[in-house]
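Data first, discussion second: the structure below is written as structure tokens.
Since every read-out is calculated from the coordinates, none of them should be taken as a lab result. Fair warning: this is a prediction, and the values are worked out from it, not measured in the lab. Glycine also receives a Cβ, built like all others from the backbone with ideal geometry; neighbour counts cover every protein chain displayed.
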Amino acid sequence: MEARRRGSLTLVATVLAVAAAGCGGSGSSSAGAPTTPEASPAAVPASTDLGVPVAPAAVSSIPDGVYRTQIDDTLLRKHGYSDPGNAGTWTLTIRHGTYTLDCKSVATPGVDCGNTDPGLSSLVEVGTVHGTGHTVWMVHDMAKKVRLTHCVRYSQAADGCGPEGGFHMAWQVVPKGLSFSQYVGIGDEDGPPLANWVIQPWTKIS
């Protein structure tokens, strides 16, 4: 998770940033048992000539709100995850086609929350949300994150901004909030599903 939170993939970041700019943006399910419907054909974007998927221009219809999930090491191990960087109290805010993801440690500062240094900022991600139907693309807005946190892009040090790129997932409204599944990472987020997104539903708190 550290490599994915601190790495950089300039080419993919550029492609995704162009897609986000083009749409005017600023910035209980488990991982093994998806309950959301498959994306419709219209929600599957074409690839660029370089084979890099581009987020749809449409703003996602995922409901606005503030959602939260808390994950500790015991829950991670129960679901087969070994990376403690997935632990934390994660807060997702979706507003008018943008999102932010904040995190506070539940046990191990500097390890929880994707190895984010708690002394720098609780903001882990900021970006825009795209997609149609029940597929949402979350595209990182790294320039906005620099403005908000004064992090250093492409840095491997503790003051780095984290991964370039983004991901898409299926989403579903559940009785207390939202559930995510079918995680596909793009750019530095490529790899197995991040537990903080898919291990359990997110509770809507406002």
Burial ranking of peptide ranges 86-92, 168-174, 188-194 (average Cβ count within 10 Å, highest at the top): 86-92, 168-174, 188-194
Rank the residues 180, 167 as a footprinting-exposure proxy: fewest other Cβ atoms within 10 Å of their Cβ go first. 167, 180
Can you give the three extents of the C-alpha atoms in the stretch 75-154 along their principal axes, from longest to shortest, in whole Å? 33, 33, 21
Sort 196-206, 129-139 by packing, meaning the average of other beta carbons within 10 Å per residue, with the highest value first. 129-139, 196-206
Let me have the relative contact order for the stretch 94-206, percent, based on Cα pairs under 8 Å that are six or more residues apart. 16
